[in-house]
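Shown next, in structure tokens, is the structure this report addresses.
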Amino acid sequence: AGSALLLRDGRLLRCWWWLRQRWLRSFLTETDVVDPERLRRIGGVDVSFVKGSETDACAALVVLDAATLEVIHTSCRRVVLTAPYIPGYLAFREVRFLLELLAELREAAPHLYPDAILVDGNGVLHPNRFGLACHLGDL
């Protein structure tokens, strides 16, 4: 019942997301944790909308061999976004689909899991200094 109330009232939802975003931001690491010289696999993720829809989208993950730039893995899934769009809080709408794709890859083919991931979304260059890229990295 509590989450249904949050979804019906955008102000409550925005407040909840604001608090959660700041809590998650406290775990953010802003230093390199991977040596760029040692990257073997580079991933890229995005959620793109189906033309004409505000809820139907495609979540995608692509992994490249860092030395050859050869595509070594692709996965995509049609998803339905149920959370509302609230500017500044895109991650709460999209990140779970990207996490699912990454978890599936880790389970099915851990040797293809990327050492670094490029995200089509903001990181610390975000109004709240914690965009989609930070969410994905933290979670």
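What follows draws every value from the coordinates through simple rules; no lab data is involved. Not measured: the values here are computed from a predicted model. Positions of Cβ are generated from backbone atoms using ideal geometry, with glycine treated the same way; all protein chains shown enter the neighbour counts.
A few notes on this one:
- Among THR55, THR68, THR82, residue whose mean-square fluctuation peaks in a GNM of the chain (springs only between Cα atoms under 10 Å): THR68
- For region 21-94, the average shadow cast by the Cα convex hull is 6.9 nm², which is a quarter of the hull's surface.
- Rounded D (µm²/s) - region 91-139, Kirkwood Rh over Cα pairs, Stokes-Einstein at 25 °C, 0.890 mPa s: 215
- Packing here is the average count of other Cβ atoms within 10 Å per residue, and on that basis the peptides 104-114, 36-46, highest first, run 36-46, 104-114.
- Directionally averaged projected area (convex hull, Cα atoms, the chain), nm²: 9.6
- Backbone phi angles across region 25-41, fed through the Karplus curve with coefficients 6.51, -1.76 and 1.60 (θ = phi - 60°), yield HN-Hα couplings of 4, 5, 9, 5, 9, 9, 10, 5, 10, 10, 6, x, 5, 9, 5, 10, 9 Hz in residue order; Gly and Pro are listed as x.
- Radius of gyration and Dmax over the Cα atoms of region 52-111, both given in Å: 13.9, 40
- Computed extension length for THR31-ALA109: 25.3 nm, one decimal, from 0.36 nm per residue of separation with the Cα-Cα distance subtracted.
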